[in-house]
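Here is the structure we will look at, set down as structure tokens.
The values are calculated or read from the model by the stated rules, or taken from the named source; none is laboratory data. The shown structure was predicted, so the numbers you read here are calculated from the model rather than taken from an experiment. Don't worry about glycine lacking a Cβ; one is built from the backbone with ideal geometry, like all the others, and counts go over all protein chains shown. These area figures cover heavy atoms from the full protein model, side chains too; ligands, DNA and RNA do not enter into them. Shrake-Rupley method; radii C 1.70, N 1.55, O 1.52, S 1.80 Å.
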Amino acid sequence: MNRRNFFEKAIPASFALGTIASSCAPKTQLQYPDKHFHIGRGYHQIPKLRLSMDRIVKETVGLRPFRASGPRLDVEQLGNKTIVHNYGHGGSGWSLSWGTGNIARNNVLATNEKKVAVIGCGTVGIATARLLQERGCEVTIYTKDVPPNITSNLATGTWSPASRVCDVKVAKPEFKAIWEEATRFSFRRFQFFLGLNDIACWAEEYGVFKQMPVYTPGAGGEDFEIHGLIPERVKLEAKEHPFKADHVTRRTNLMFNIPSYLRHQLQDFVMFGGKVKIQEIKKLEDIDALPEKVVVNCMGLGAKPVFNDQELTPVSGQLSCLIPQSDVNYKLYTQGANFISRKDGIYIGSNGIVGNWDTTPSKEQTEKTVGILMKLMEEMKG
Ligand SMILES: Cc1cc2nc3c(=O)[nH]c(=O)nc-3n(C[C@H](O)[C@H](O)[C@H](O)COP(=O)(O)OP(=O)(O)OC[C@H]3O[C@@H](n4cnc5c(N)ncnc54)[C@H](O)[C@@H]3O)c2cc1C
């Protein structure tokens, strides 16, 4: 074959190869120039928050159940009872509820018992109870309180599976794989809730900073990440956003409308034959007295005194709730403040005070976060 012939034959073949190679190659931003096409038509239209102290209708302080080594998910034998632990999710209990519920479910199924007690009626307890029902278990939830009087009701409601989930300096290396398994399971599960009266939905999330935010690894941060689950965070150029800030990012994230989500979950639990009994567990003997042989412990922070868990610590977080605004349906975080727009209100927060058991809201904290966000809104274009 002469040189000219070789090229004539080789060009279509290598072109085809190139096509195959590029369809298998990781998708780069270059291949999707219209990824943020709506921004290309001018800066993204972002409605302003109507902010003033008299629009704050509720202030709450919730206690995240934090364990430096990560949530407790082991199995313990207590006399003739098998205790399956599932508590201590820090700032990620909503996000991980299905995933660690699945780990707990596998531990329950290994016992071959079909009558199961779940202690706790928070997001973790109800998700675990529902998963057990799906495998034919007869589940009774024993609980001191039901929604809305639970910590889960005082959360922001965003997909944040790594938020204060552990202290990476303390957690065992194998925890990362457990976390990843739980995160992936939860994420798939949440897809089934999309479209169901907005109990879970997607929302735009903006990060707005005048100085480049400094990431400090350790307790409280998001040290784990799985690429490819949710859309990547992208940096916006000055012409693409209305904020007076040099470091602006945007991504789309999952969020949960907490009151309707909890209501939906409880209704499903009861629809599938579940029973809820109001009962406080004060000591291990109270668990021993339950009729079920297998007990799943989803008591959150309530597990501390009963199981003498020295590691379990509250990390308090205050939220201040603004009257909802129908045109505002995004999330935003900036230095010292963030907000999320839910159906029941726009929740401003949230701080994290390690070891604080005090659930009294502080007016100063509300004024501080409202002040930061008011300035940001005033400086916004449009
Ligand atoms: C301000 C704030 C913001 C947050 N934001 C997010 C977020 O955006 N995304 C996210 O994924 N997570 C978030 N979290 C974390 C999340 O709310 C928690 O991890 C989660 O609520 C823990 O759920 P749980 O079911 O384990 O605990 P809980 O909701 O506390 O439920 C525990 C249950 O056990 C019962 N119980 C306790 N003690 C006893 C007892 N002795 N006897 C009988 N019953 C008992 C309680 O009555 C309750 O029913 C946030 C938390 C806070 C405080």
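Put a dot 7 Å past each Cα toward the Cβ at residue 111 and residue 270; how far apart are the dots in nm?
Taking the simple label geometry, residue 270 and residue 111 are separated by 2.6 nm.
Rank 260, 163, 52 by mean-square fluctuation in a GNM of the chain with C-alpha springs under 10 angstrom and give only the top-ranked residue.
For the chain, modelled as a Gaussian network with Cα springs under 10 Å, the answer is 52.
For the chain, list log₁₀ I(q)/I(0) at each q in 0.11 Å⁻¹, using the Debye formula over Cα point scatterers of equal strength and ignoring solvent, two decimals each.
So the normalised log intensities are -0.82.
Which entries of 169/282; 81/283; 331/363 show an alpha-carbon separation above 21 angstrom in the structure shown?
Too far apart for the 21 Å limit: 169/282; 331/363.
Is the shape of the stretch 82-238 rounded, prolate or oblate, going by the alpha carbon gyration tensor and its root eigenvalues a ≥ b ≥ c, with a/c under 1.5 for rounded and a/b larger than b/c for prolate? Before the final figure, lay out each step's value.
Values: a/c = 2.02, a/b = 1.66, b/c = 1.22.
It comes out prolate by the Cα gyration axes.
I want to make sure I understand the PRE zone here: with the label point 7 angstrom from the Cα of residue 197 toward its beta carbon, which residues in the stretch 319-355 have backbone N atoms less than 15 Å away?
What the label zone holds, given the 15 Å backbone N cut-off, is 343-344.
Keeping all protein chains in place, calculate the accessible area per residue for the stretch 175-298 (probe 1.4 angstrom), answer in Å².
Value returned for the stretch 175-298: 54 Å² of accessible area per residue.
As a test, work out the antiparallel percent of DSSP beta bridges whose residues both lie in the chain, rounded to the nearest 5. Numbers along the way, then the final one.
Numbers: 43 of 65 bridges.
For the chain, the DSSP antiparallel bridge percentage is about 65.
Treating only the Cβ atoms of Lys and Arg (+1) and Asp and Glu (-1) as charged, compute the dipole magnitude of the chain about its Cα centre; round to the nearest 20 debye. Write down the numbers at each step before the final one.
Numbers: 48 positive and 39 negative charges, 182 e Å.
Dipole magnitude for the chain comes out near 880 debye.
Semi-axes of the equivalent ellipsoid of the stretch 283-382: what are they in whole Å, largest first, if each equals the square root of 5 times a C-alpha gyration tensor eigenvalue? Write out the running numbers ahead of the final one.
Numbers: eigenvalues 305, 56, 20 Å².
Equivalent ellipsoid semi-axes, largest first: 39, 17, 10 Å.
Which residues in the stretch 89-130 place their backbone N less than 11 Å from a point set 7 Å from the Cα of residue 286 along the Cα-to-Cβ direction?
Only 120 pass the distance filter.
Between residue 296 and residues 5 or more places away or on another chain, which pairs have amide H atoms under 5 Å apart, with H built 1.01 Å from N, and which residues are they?
So residue 296 has HN proximity to 84, 117, 118, 119.
Starting from the 7 Å offset along Cα-to-Cβ, what nm value, one decimal, do you get for the label separation of residue 323 and residue 138?
Between residue 323 and residue 138, the label points sit 5.1 nm apart.
Provide the gained length on full extension for the span residue 239 to residue 378, in nm with one decimal, where the gain is 0.36 nm per separating residue minus the Cα-Cα distance.
Answer, rounded to one decimal: 48.2 nm.
Applying 1/(1 + (r/R0)^6) with R0 = 25 Å to the Cβ-Cβ distance of residue 215 and residue 184, what FRET efficiency is obtained, to the nearest 0.05?
Details: r = 24 Å, r/R0 = 0.94.
Efficiency, rounded to the nearest 0.05: 0.60.
Between residue 55 and residue 229, what is the label-point separation in nm under the 7 Å Cα-to-beta-carbon projection?
Modelled inter-label distance: 3.2 nm.
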